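Below is one structure, written out as structure tokens; comments come after it.
Taken together, the values in this text are just the output of simple stated rules run on the coordinates, not laboratory data. Values in this document were obtained by computation on a predicted structure and should not be read as measured data. Here Cβ is always computed from backbone atoms with ideal geometry, including for glycine, and neighbour counts include all displayed protein chains.
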Amino acid sequence: MSVEITRRGFLQAAGLAFATSMAYELSNQSSAFALDTDTEWKLVNTEEYTNVCCYCSGGCGSICSVRDGELISLEGDTDHPINLGALCSKGAAMFQLRSVVTEDTREVIPNPNRKTRPMVRRPGASNWEAIGWDAAIAEIARHVKTTRDASFITTDQNGVTVNRTEAIASLGGSQQNTEECYLILKSMRSLGLVAIDNQARV
Ligand code: SF4
């Protein structure tokens, strides 16, 4: 007697066999599952967050695995339509923006060179000074107002109305999404800027 096996039936049977096998392995505490999870499986007890590469306009997607607020791993997002899990060498090194491995103990520590606060270098100064976010925003707003007022052009040499400033430029970053870029463009245009670009090259 011949038995007909459909593709769906085969997959169901294979799935059942696999599940039974897994249940047996787990119930018998197979050595395959007896990992020291703190040291041997680095992604245990992590939460996954998706992110976008900060380096170029490619916009490759990544998965950040975080435990207790610390970045444990960063890898390409296989579900991302642009990169399908792949990262170029620069994107693959993005983990080091946040964390580095010490040469001696191989311990993962926060990158000591990472800037987490706004910095300003005053005219004539050789050093950078850390300032608060509120102070940075107030200073930027004051500079924009002063510069725009001093450089605003209402008409060009032919008498054509232009209402623009050529003394301020805007450069966006590659982590800004489409909506953010739209809002930046609108607000910069409303100030009269014409030099507007987005960081889009490695
Ligand atoms: S730098 Fe590399 S990983 Fe990052 S977006 Fe560009 S191509 Fe993708």
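For the range 155-164, take each phi angle, set θ = phi - 60°, evaluate the Karplus expression 6.51 cos²θ - 1.76 cosθ + 1.60, and give the result in whole Hz per residue in order, putting x for glycine and proline.
9, 8, 5, 9, x, 7, 5, 10, 6, 8
Hey, can you grab everything whose amide H is under 5 Å from the amide H of Asn111? Only 5+ residues off in sequence or another chain; H modelled, so Pro and N-termini drop out.
The list, which skips near neighbours in sequence, is Ser99, Val100.
So which GluC sites (Glu not before Pro) in the range 44-109 are both in a DSSP loop and have at most 16 other Cβ atoms within 10 Å of their Cβ? Don't skip to the answer; put the middle values down first.
Working: sites: Glu47, Glu48, Glu70, Glu75, Glu103, Glu107; in loops: Glu103, Glu107.
Sparse-neighbourhood loop GluC sites (Glu not before Pro): Glu103, Glu107.
Work out from phi, with θ = phi - 60° and the Karplus expression 6.51 cos²θ - 1.76 cosθ + 1.60, the ³J(HN,Hα) of each residue of the range 176-186, listed in order in whole Hz, and give x for Gly and Pro.
Each residue of the range 176-186 in turn: 6, 8, 4, 5, 5, 4, 4, 5, 4, 4, 4 Hz.
Can you tell me, using C-alpha contacts under 8 Å and at least 6 residues apart, the relative contact order of the range 47-110 as a whole percent? Working shown, then result.
Details: 102 pairs, mean separation 14.2, N = 64.
Reported relative contact order: 22 percent.
What does the charge add up to near Gly76, with Lys and Arg as +1, Asp and Glu as -1, over the other residues with Cβ less than 14 Å from its Cβ? Mind showing how you got there, number by number?
On the way: positive: Lys90; negative: Glu48, Glu75, Asp77, Asp79.
It works out to a net charge of -3.
For Gly173, list long-range residues whose amide hydrogen, built 1.01 Å from N in the peptide plane, is under 5 Å from its own amide hydrogen.
Gln199
Given H placed 1.01 Å from N in the peptide plane, which residues other than close sequence neighbours of Val194 have an amide H under 5 Å from its amide H?
Those lying under 5 Å, H to H, from Val194 are Thr165.
Read phi for every residue in the range 67-82 and hand back ³J(HN,Hα) as whole Hz from Karplus 6.51 cos²θ - 1.76 cosθ + 1.60, θ = phi - 60°, with x for Gly and Pro.
10, 6, x, 9, 6, 9, 7, 9, 9, x, 8, 5, 8, 7, x, 7
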